[in-house]
Amino acid sequence: MATILAGEGDAVEATFAAEGARQPTPPTWQQAMKRAVRSGRQLCEMLQLPAEELVSLAAEQDFPVFAPLEWIARMRVGDPHDPLLRQVLASPEELSVATEASQGKPPTTADEVAMRRAAHTSMLDPVGDLPAQRGAGLLQKYRGRALLITSGACAVHCRYCFRRHFPYDSVEPGKVGWARSLEILKADDSLDEVILSGGDPLTVTDEQLSWLVTELNAIPHIRRIRIHTRVPVIIPQRICDSLLDWVEASRAAMYFVLHFNHPAEIDLQVQQRLTKLRRAGVTLLNQAVLLRHVNDSAAIQRELCQALVNLQVLPYYLHQLDLVRGAMHFEVDDTIAQAIIEELRASLPGYAVPKLVREIAGERSKTPV
Ligand SMILES: *Cc1c(COP(=O)(O)O)cnc(C)c1O
Ligand code: SF4
């Protein structure tokens with residue numbers, strides 16, 4: 001059972017009138033989290049799609065569905081191939097795991113047992129997060145920068161997520177858990193950057209984030225704070241005044257790495273809130289994941305990159321999928337990925353072309369494809 005679950009809202013059933021659902025105007029981001037849709041069946045009903053063909057309850061049990069109304073409002077009604085829908089709907093394809101080809105047949109030798117166990121482990125932790133832990137919730141893989149798992153919750157559950165099997169229960173979010181990580185950061189002046197990640201750090205309250213950022217700013221060798229977040233994409237009203245307060249107050253340079261995968265994810269609300277964030281002095285970057293039948297064409301990638309640079313968001317990485325159990329149907333061939341990047345290079349300014357990378361456990365950086 002995956003544990004990237006949206007915080008307090010879990011206990012609250014999503015309630016909405018069918019017609020109200022298409023024009024959501026929640027007053028706060030917390031309210032938006034509470035109103036999120038938590039079942040594929042319900043999502044299909046809202047979009048007038050046949051749930052019995054599209055939804056796998058078994059896949060939902062492995063990793064629950066979680067999609068805020070703000071996100072659903074950007075999907076096309078009646079289109080089972082909608083690229084936003086495909087990122088969140090638990091589909092039967094998740095259960096046909098191509099790389100577990102030997103399923104069903106018992107192993108016959110000790111070697112085979114060991115091999116399968118290794119394959120299984122790497123499918124649960126494909127990017128080697130577990131061995132990179134420096135303390136509960138603090139990961140360091142690369143020189144100079146450490147990553148703090150600030151929260152186990154997200155504002156959306158992306159079916160392709162490489163962290164869908166991460167044991168977030170072992171991480172204690174909040175001030176008590178962070179205090180231990182802060183001690184490690186203070187003691188190591190080879191680190192000049194802290195990455196707040198998760199889950200999604202912006203599912204934490206501004207009161208807590210403001211405390212954390214103040215603590216980080218009190219460590220002289222920390223020069224940059226980077227926030228890896230998908231929340232502004234999913235629930236743009238998260239970029240609220242109380243967030244802008246601690247962002248503007250930071251001594252350390254502030255970077256946000258957003259996560260847009262498709263141009264249809266950018267609506268007017270998103271544009272307006274990102275403009276506020278930029279005016280608060282934040283450098284905005286984007287990382288996308290290359291996903292089959294979502295954004296695996298040069299035309300879509302070009303449109304995405306253009307829309308991003310128009311908003312002064314720089315395309316940073318385009319990730320090749322991490323091979324995680326349940327997400328293999330999103331995989332795109334390296335040759336197709338490279339051809340897409342070549343086309344982007346031939347048609348966009350250099351700064352609008354993301355780096356095509358994949359994460360390989362044990363490497364000193366993300367690896368160019
Ligand atoms: C991806 C990642 C980073 C960030 O790498 P950059 O190349 O600096 O963007 C840092 N730490 C961990 C553990 C990561 O997985
Ligand atoms: S991709 Fe990001 S936002 Fe989506 S489930 Fe994974 S950690 Fe959460």
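Here, each number is a calculation from the coordinates, and none is a lab measurement. Remember, it's a predicted structure, so these values are computed and weren't measured experimentally. Every residue, glycine as well, gets a Cβ built from its backbone with ideal geometry; the counts of neighbours run over all protein chains shown.
Under unit Cβ charges (Lys, Arg +1; Asp, Glu -1), what dipole magnitude, rounded to 20 debye, does the stretch 248-293 have relative to its Cα centre?
So the dipole magnitude of the stretch 248-293 works out to roughly 120 debye.
Calculate the dipole size of the stretch 51-96 relative to its Cα centre from +1 charges on Lys and Arg beta carbons and -1 charges on Asp and Glu beta carbons; express the result in debye to the nearest 20.
Roughly 220 debye for the stretch 51-96.
To the nearest 20 debye, what charge dipole does the stretch 194-308 have about its Cα centre, counting +1 at the Cβ of each Lys and Arg and -1 at the Cβ of each Asp and Glu? Show your work: numbers first, answer last.
Working: 12 positive and 11 negative charges, 76 e Å.
Its charge dipole is roughly 360 debye.
Quickly rank 157-163, 363-369, 230-236 as a protection proxy: mean count of other C-beta atoms within 10 Å, highest first.
230-236, 157-163, 363-369
Which far-off residues, 5 or more places away or on another chain, put their amide H under 5 Å from the one on Ile195, with H placed in the peptide plane?
For Ile195, whose amide H was placed from the backbone, the distant partners under 5 Å are Ala146, Leu147, Leu148, Arg226.
Assuming 1.306 mPa s and 10 °C, estimate D for the stretch 285-369 with Stokes-Einstein, Rh taken as the Kirkwood radius over Cα pairs, in µm²/s.
121 µm²/s
I need the phi-derived Karplus couplings for the stretch 272-277: 6.51 cos²θ - 1.76 cosθ + 1.60, θ = phi - 60°, integer Hz, Gly and Pro marked x.
Working through the residues one at a time gives 5, 6, 5, 4, 4, 5 Hz.
Lys366: which lysines have alpha carbons under 19 Å from its alpha carbon, excluding same-chain residues fewer than 8 sequence positions away?
By straight Cα distance, Lys366 reaches Lys141, Lys355.
Short version: ³J(HN,Hα) in whole Hz for each residue of the stretch 279-293, in order, from phi by Karplus 6.51 cos²θ - 1.76 cosθ + 1.60 (θ = phi - 60°), x for Gly and Pro, what are they?
Residue by residue, the stretch 279-293 yields 5, 7, x, 8, 7, 9, 10, 10, 10, 10, 10, 6, 10, 4, 6 Hz.
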